[in-house]
Amino acid sequence: MAPSATTTNTQWSTEFDTAKRQRLFRNPPKDKTAYPTLAAAVDPHIHSFNTIFEEGGQIDLGIKEIGTKVFLDGDQFSQVDDGASRNRLSVRIRGVFLDKSALPVTNKFAVTNRSIMPAECRERHVTYRGKLRVRMEWRVNNGDWQESSNRCHLENMSPDQLMKAKEETEELGGYFIVNGIEKLIRMLLVTRRNYPMAIKRGAFQNRGPGYTSFGITIRSVRPDQSSQTNALHYLNDGNVNLRFSWRKAEYLVPVMMVLKALVETNDREIFEGIVGAAGSKGLEEKQFVTDRVELLLRTYKVYGLHSKAKTRAYLGQKFKPVLQIPDDTTDEDAGAEFLRKIVLPHLGAYDVTESQNADKFNMLLFMIRKLYALVEGECAVDNPDAVQNQEVLLGGHLYGMILKEQMDEWLNSITFPLREWGRKNSWLPFTSNEFQRDFLPRILKRTNENIGQKLEYFLSTGNLVSPTGLDLQQTAGFVVVAEKINFYRFISHFRMVHRGAFFAQLKTTTVRKLLPESWGFLCPVHTPDGSPCGLLNHMAHKCKLATQSVDVSAIPNLVARLGVSGKSSASLDASVVVQLDGRVLGFCSPKQAKVIGDTLRYWKVEGTHGVPLELEVGYIPNSTGGQYPGVYMFSQAARMYRPVKYLPLGKLDYVGPFEQPFMSIACTEPEIVSGDSTHVEYDPTNILSILANMTPFSDFNQSPRNMYQCQMGKQSMGTPGTALRYRTDNKTYRLQTGQTPVVRPPLHNEYGLDNFPNGTNAVVAVISYTGYDMDDAMILNKSAHERGFGHGTIYKTKVCDLEEGSRRSRGSKAVSKLFGFAPGGLVRAEWREKLDDDGWPLIGAEIKQGDIMAAWHTVSFDPATGEYVNQDGQTQFFKYKEDETAFVEEVRIIGSENGSEPCTKISVKLRVPRSPVIGDKFSSRHGQKGVMSQKWPAIDMPFSESGIQPDVIINPHAFPSRMTIGMFVESLAGKAGALHGLAQDSTPFRFDEQNTAVDFFGHQLMKAGFNYFGNEPMYSGITGQELAADIYIGVVYYQRLRHMVNDKYQVRTTGPINSLTGQPIKGRKKGGGIRVGEMERDALLAHGTAFLLQDRLMNCSDYTKAAICRACGSFLSTTPTVSEFERGRKGGNVVRCRRCAKLAEGMESKSEVWEDGQGLRYTGGDDVAVIAVPGVLKYLDVELASMGVRLKFKVEP
Amino acid sequence: MDPYDVEGGAINVRFLQADSTRANFLIQNFDLATANALRRVMLAEIPTLAIDVVEVFDNTSVLADEFICHRLGLIPLNAKNVDEALLYSRDCECDGYCENCSVTLTLNARCTSDGVMKVYARDLVVSGGRPNDEIGTPVIKDPEGLGSVIVKLNKGQSVHMKCIAKKGIAKEHAKWAPSAAIGFEYDPNNKLRHLDYWYEEDPKKEWPVDETNANIDGVPQEGEAFDYDAAPTRFFFDVETVGGMEPDTIVQQGIRVLQQKLANVIQELQGGEDIDMGGFGGQSPQMNGGGYGDPTAGSFSAYGGNASVWGGGATPYGATPYGQQPPSNW
């Protein structure tokens, strides 16, 4: 079962390989990683970023797309048109360069090594970034280009790439370090590029009168990875309009106008392009289409635009202001610019040639064709929620898009300082010497050239601030923190694919469905339950992502040789389309299409004829009303693909999600159907994500349990990394006694997960023993606990920043606070218990709530001596505020980058030991979680004949309803493995009905002298009597989850209250209470526990004594009386009702008269009682009184 | 009754196998409750010696103080004659620890060479003044004579600790356990039918039988009638030492402790003076009160600033009719 160990370093067996790991760990390999599979999992993130700045990469192409910006001089609002043409200032970007992270030039101390390492950034809580330089050129009119090089101080982040200094030996990279926090641009599922999708959406009808729900959309992606969505709408009368968005505004243009503007054409060509060549097969049946095309052509006549030039001019004139095209451009050129930027830019986004425009023309015709087919019912709609029609927006691509857009915006923003300069200098022409003098220092300096700041904002918040929206459906949530709670969680971040925040609010659940199309690309198991369920997916562990386009220059010729021609016929039965990356290569018969598909596949696997292996050849066969047929090939980046075995050649083939639904891929070798199957899976587990693969025997479990394990694996207290000493995460968890699981798949070794143990092997007995194991509680052997079972630690980092909150202007030397005891001031002995001479905490010191963590004093700068002097001799402190005892692990003194300022910031790493306590959560690897309910004394635990006592007892009732048979099998395998010293292979789908897992491991147990089924007779630890039933006992890998009672318990008797209502406040941190809500109240009522109810809702809440007048039933009219003779003293707590009282006339007896606070004298109103009421009742009374509503209470008796 | 008359019902112990680490024996004519009591006592109530308090002078290793301390605690120490030689620290008159109630070990290691240095149990140095010259020595069983690894040091790192080994029992902490697991079995042939074997087809085929024990106990005859009144009388013990005590000492000590406990019960019943059997009172200090937090830390005095019309910034809980007024009629 286990693959045999080979000599190469990167081959991993299923064995424990302890010695090999130890060797690797002590001498990290110099040449390459020992875990290439692990590195490959992160590759898309790194590579997609690397392609941004490489030669001919995203930025280079983006610069070309941005082109030259032209600005005109003179007052654009001046009415006087002197006829003379205005001068043109042209600005363009020539190149962008990203430097390595380095110290600023102001630092005079570092001489030899000026580079900054990522580990340093992490520890200093700063951003790992390098300088981004832009080379820019400008000229006036048609003068020479003047270079203005290396002058932009833009800063930019680069992902951490394999820095060995103070890093993990298997550091993966692929993330950004922003303010010391590791951030990651999450991969996003977006519509497949360059494929016209048939969509039927009710919302399309809202575009205007006549609009129907039918449409064709294409997400056209430029070479620089930015995209522009074009949509065709079908109108009731058969007309077709083109819709696009530009800078978040929507525009609709008759598609005929665009067609006519693209190429010099005529109605016949358009007609034949849409319907099919005249005289071709099936033309007669195409009455539906011919009618509509006729109408299309006829209605367009109203515009009276007949030539390409005129159409372009018309479009140009309309869109010139929208596209920010300079005023002096001709309308026709503006029209060409419109076509370049907006219409199917994937077929030509810069330096557009005639043939490219013809490609666009043909593609538009094809789209109209497909639209009519859709309306006619000839083809089905494409499902935008299926992976077939999706690709992945990679982090690097998004980053590059933002960068490009920001550069574009920056160039555009020159216009404002230019105008400002013109206004101040009486509109001097650009040709003047003053302009030459001022342009760089005055005008360009005024622009906001800090693109890095914008990117930093993006990376730290994940919010996209963009004028165009980048053709995306969301503006926030692009970036997530790569949390290092344990390694499973960390690695999962890189395999995570989100469907988009937009879909999260959608009421319908269709987008969340697991569709068969995602087989092999998205893991069916690894998705969280709850609100992100189905939206946040993880890629199958063998699924790769293309980060670069492959060379497909040979394809058009090959296809032509295989019988593709430019002529199409009316019927799909006679001709179907052949496309490459959204370019129509031609048409051929359906039979020929299949031949083309098969031949190209053979060649691509064979590696001949210049067909790249990564090419996706999507052959869609003809069907009755199914997906629109044709051969669609895709070669560009952002595609998913996965390895399968191509049977005719027995070699590796890559399969994409577009082609997969129409292929016959056998799941296992025996399932190959001769004459049908073309491929076979390398392994059925290839469809699972890394984490899902780690669940042992997951094929024995009920599927939701495997989902739960994928969640809990990521929450377990494990080993976040090995270089913990060089990390300063806000909070990290660490399991002190981690072990390698006895039962694990070979992939566990391949992914190097033994470097990051995530749990402990425990002897688990399934028995209902003490009564403390009800409802998923588990019992822990007290001795096991004392020997270190599940012992964990939390590391917290507290930053003590003297300048926090005070914004010091850069460069000024006004440091006002310094660390340390105030010189000359009193230093108490108790302070010195926790703090060292320098005022910083002692390493290893135990600190409790309220203890001091660092000392500081105020200073002022004395220019005479050049030193900081303390005036008051007062020492102040940073305090530890949390209620848990911690130890000081590390103290980091953080200086400034230029090295010339005194230290004003330290970061203290604290260690909180967390040994398991009752109420802590544990789980096996089968979604079987439970809280520890007792630490049971070892002598009372049940034991086997050999004296083995379980570490953990779980209740048998945890199994029947959950059906986690995998856990039983793991227990069996673990027991056999522990007895024989074996690492057990737990890969799912390895056993079948004839060759069962139970049999395999049962025989191993028998060999060791144990019962075949894993049961053992056990004795009660308390009486010593043999238990009547034999007990299922074995070894199961247990995870300790990070949810611990110490972080959760909430108790209160009295405590802080809300000042308005008098009720307890909420929140555990603030010492508040837990709400007894309506439902809890109902339950208490139903139980008849009135006393408890009153205690909760009244006495422990807002119990108040209030005076109320029995006569008029009011709280508000009562007033305390004031003794006539003893001013300032209350009248003996006597309360009277002012409302029922009469003003005293002076005739009454002294004993009847009372006086209120204002000195008014009354008689009567003495029927006042003091009652206990909830405080809010009085408050309600006041609120209602303010609205003129009087509450009247009846007081009895 | 003749104490050696096995047939006559005298308690009898028969050793099946015994060496320096294991004692495999059976007790005949014994009863279940006492046998189990002996097992429990041997597991948890025999006093042994283990490091309980560590004074850390220097620790620049990668492991945290409390983690090394935990490891030190689990190192088995020779506990020869500990029962008489040492007092329980809590019974001792000294303040903290002294020679009468503890053995002091010192760990002082520094790595000065390149590469990783391992600190082993043999590096624990026992200070003089111990009651006998074996007690407190770390148990080392491996052929190289190194003992268990405590910590690994890199160049420049060092540990310097004073370890106070005290007498204690496993009931308090597992580190004082003289044996890790004690095999215990009776009725290997299930003649008493205490156990209802689960089986698929045939329990005889599916259940493994410990042949030796089964033969000693007597294989039941075919068709032998089931004696439902029978009680187990023959008990198989398998005591394996952790190393601090000889296995036979463990058994002897177990019996002694059991006798003491019984004597204590008798004395209590007769109203005699209280003998502190120990083991119930003390407990090692735990971080954060064993996880429940410091009980005094929960006071809410810090919230006094939230005063309002409702008075005092806290619910007037104390002023309820239930709190202040004495219960009137019940």
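The values are calculated or read from the model by the stated rules, or taken from the named source; none is laboratory data. Worth saying up front: this structure is predicted, and the values here are computed from it rather than measured. Cβ atoms come from the backbone with ideal geometry, glycine included; neighbour counts cover every protein chain shown. Protein only, heavy atoms only, side chains kept; ligands, DNA and RNA dropped before computing areas. Shrake-Rupley method; radii C 1.70, N 1.55, O 1.52, S 1.80 Å.
Which percent of the accessible area of segment A:1053-1098 is formed by carbon and sulfur heavy atoms (probe 1.4 angstrom)? Roughly 60 percent of what the probe reaches on segment A:1053-1098 is carbon or sulfur. Over what distance in Å are the Cα centres of segment A:903-979 and segment A:744-793 separated? After rounding, the separation between the Cα centres reads 3 Å.
Fully extending the segment from A:ALA1144 to A:TYR303, taken as 0.36 nm per residue of separation minus the present Cα-Cα distance, adds 293.3 nm.
Taking every alpha-carbon pair under 8 Å whose residues sit at least 6 apart, chain A reaches a relative contact order of 9 percent. Paramagnetic label reach from B:PHE57 (point 7 Å along Cα→Cβ; backbone nitrogen cut-off under 14 Å): within segment B:73-107, residues B:105-107. Go through A:LYS881/A:LYS909; A:LYS848/B:LYS162; A:LYS1105/A:LYS1178; A:LYS714/A:LYS929; A:LYS929/A:LYS1048; A:LYS248/A:LYS445 and tell me which ones have a Cα-Cα distance over 19 Å in this structure. Going by Cα-Cα distance, A:LYS848/B:LYS162; A:LYS248/A:LYS445 fall outside the 19 Å limit.
For segment A:1053-1098, taking Cα atoms only, Rg and Dmax work out to 11.8, 33 Å respectively. The mean sequence distance of close C-alpha pairs (under 8 Å, at least 6 residues apart), as a share of the length of segment A:793-914, puts its relative contact order at 34 percent. Over the C-alpha atoms of segment A:319-404, the Rg to Rh ratio, Rh being the Kirkwood estimate, stands at 1.07. For A:ARG201 and A:TRP427, the difference between the fully extended length at 0.36 nm per residue and the C-alpha to C-alpha distance is 76.1 nm. Within a straight-line Cα-Cα reach of under 15 Å, B:LYS80 can be paired with the following aspartates and glutamates, leaving aside sequence neighbours fewer than 8 residues apart in one chain: B:ASP133, B:GLU134, B:GLU246, B:ASP248. Based on the Cβ-Cβ distance of A:LEU506 and A:SER13, what FRET efficiency does E = 1/(1 + (r/R0)^6) give at R0 = 51 Å, to the nearest 0.05? Approximately 0.65, to the nearest 0.05. Could you work out the mean projected area of the convex hull around the alpha carbons of segment A:900-958, in square nanometres to one decimal? Mean projected area of the Cα convex hull: 8.7 nm².
Close amide H contacts of A:ALA762 (hydrogens built in the peptide plane, cut-off under 5 Å, sequence separation of 5 or more or a different chain): A:VAL1036, A:TYR1037, A:TYR1038. Computed with every protein chain present, the accessible area of B:VAL62 is close to 80 Å² [probe 1.4 Å].
Loop-resident GluC sites (Glu not before Pro) (DSSP state other than H, G, I, E or B) in segment A:955-1051 with no more than 12 further Cβ atoms inside 10 Å of their Cβ: A:GLU993. Summed over both chains, the contact between B and A buries some 5600 Å² of accessible surface at a probe radius of 1.4 Å. Rounded to the nearest 20, the size of the Cβ-charge dipole of segment A:550-663 about its Cα centre is 120 debye, with Lys and Arg at +1 and Asp and Glu at -1. Across the alpha-carbon set of segment A:793-914, the Rg to Rh ratio works out to 0.99, Rh being the Kirkwood radius. For segment A:984-1026 versus segment A:405-470, the inter-centroid distance based on Cα atoms is 73 Å. Taking the charge dipole of segment B:48-171 about its Cα centre, with +1 at Lys and Arg Cβ atoms and -1 at Asp and Glu Cβ atoms, the residue from B:VAL149, B:ASN108, B:PRO76 reaching farthest to the positive side is B:VAL149.
Taking GluC sites (Glu not before Pro) across segment A:779-874, the ones in a DSSP loop with at most 10 further Cβ atoms lying within 10 angstrom of their Cβ are A:GLU804. Computed on the Cα trace of segment A:550-663, the radius of gyration divided by the Kirkwood hydrodynamic radius gives Rg/Rh = 0.95. Exposure check, 1.4 Å probe, all protein chains in place: A:HIS980 carries approximately 80 Å² of accessible surface.
Averaged per residue, the protein assembly as shown has 45 square angstrom of accessible surface, using a 1.4 angstrom probe with ligands and nucleic acids left out.
Across chain A, counting alpha-carbon atoms alone, Rg and Dmax equal 37.9, 125 Å. Dividing the alpha-carbon radius of gyration of segment B:95-160 by the rule-of-thumb value 2.2 N^0.38 Å gives 1.30. Placing +1 on the Cβ of every Lys and Arg and -1 on the Cβ of every Asp and Glu, with nothing else charged, gives segment A:194-382 a dipole about its Cα centre of roughly 520 debye. Over segment B:48-171, the alpha carbon radius of gyration divided by the compact-protein estimate 2.2 N^0.38 Å works out to 1.07. Here the label points at A:LYS1070 and A:GLN324, each 7 Å from Cα along the C-beta direction, are separated by 4.6 nm in the simple model. Run down the aspartates and glutamates and flag those whose C-alpha is under 13 Å from the C-alpha of A:LYS69, throwing out any fewer than 8 positions away in its chain. Correct list for A:LYS69: A:GLU137, A:ASP327, A:ASP328, A:GLU337, A:ASP408, A:GLU409.
Return the FRET efficiency for the residue pair A:TYR457, A:PHE25: r is the Cβ-Cβ distance, R0 is 56 Å, and the value is rounded to the nearest 0.05. Taking R0 as 56 Å, the efficiency between A:TYR457 and A:PHE25 is 0.90. Dimensions of segment A:1101-1186 from C-alpha coordinates, computed as largest minus smallest value along each principal axis and given longest first, are 44, 24, 21 Å.
Cα centroids of segment A:187-228 and segment B:66-132: 76 Å apart. Sequentially through segment A:447-457, phi angles give Karplus couplings (6.51, -1.76, 1.60; θ = phi - 60°) of 6, 7, 8, 8, 5, x, 4, 5, 5, 5, 4 Hz, Gly and Pro residues having no value and appearing as x.
Taking each of A:LYS731/B:LYS118; A:LYS731/A:LYS905; A:LYS796/A:LYS921; A:LYS131/B:LYS155 in turn, the alpha-carbon distance tops 26 angstrom for A:LYS731/B:LYS118; A:LYS131/B:LYS155. By the Cα gyration tensor, segment A:194-382 has an equivalent ellipsoid whose semi-axes, rounded to whole angstrom, run 26, 19, 16 from largest to smallest. Comparing A:LEU747, A:VAL617, A:VAL1189 along the charge dipole axis of chain A, the residue lying farthest to the positive side is A:VAL1189, per the Cβ-charge model. Counted residue by residue at 0.36 nm each, then reduced by the alpha carbon distance between them, the extension gain from A:PHE1091 to A:LYS248 reaches 297.3 nm. The phi torsions of segment A:10-18, fed into the Karplus equation with coefficients 6.51, -1.76 and 1.60 and a -60° offset, translate into couplings of 8, 7, 10, 8, 8, 6, 5, 6, 4 Hz, rounded to whole numbers, with Gly and Pro shown as x. Each Lys and Arg Cβ is given +1 and each Asp and Glu Cβ -1; about its Cα centre, segment A:1043-1197 then shows a dipole of about 520 debye.
Helical content alone sets the calculated 222 nm signal of the protein assembly as shown at -7000 deg cm²/dmol, taking -39,500 (n - 2.57) per DSSP H segment of four or more residues and averaging over every residue. For chain A, leaving out every one of the chymotrypsin sites (Phe, Trp or Tyr not before Pro) that falls in a DSSP loop and has at most 10 other Cβ atoms within 10 Å, the longest unbroken run is A:110-1124.
A probe of 1.4 angstrom, applied to the heavy atoms of all protein chains, finds A:ASP471 with accessible area near 60 square angstrom. For segment A:189-229, trypsin sites (Lys or Arg not before Pro) meeting the loop criterion (DSSP other than H, G, I, E, B) and having at most 10 other Cβ atoms within 10 Å: none.
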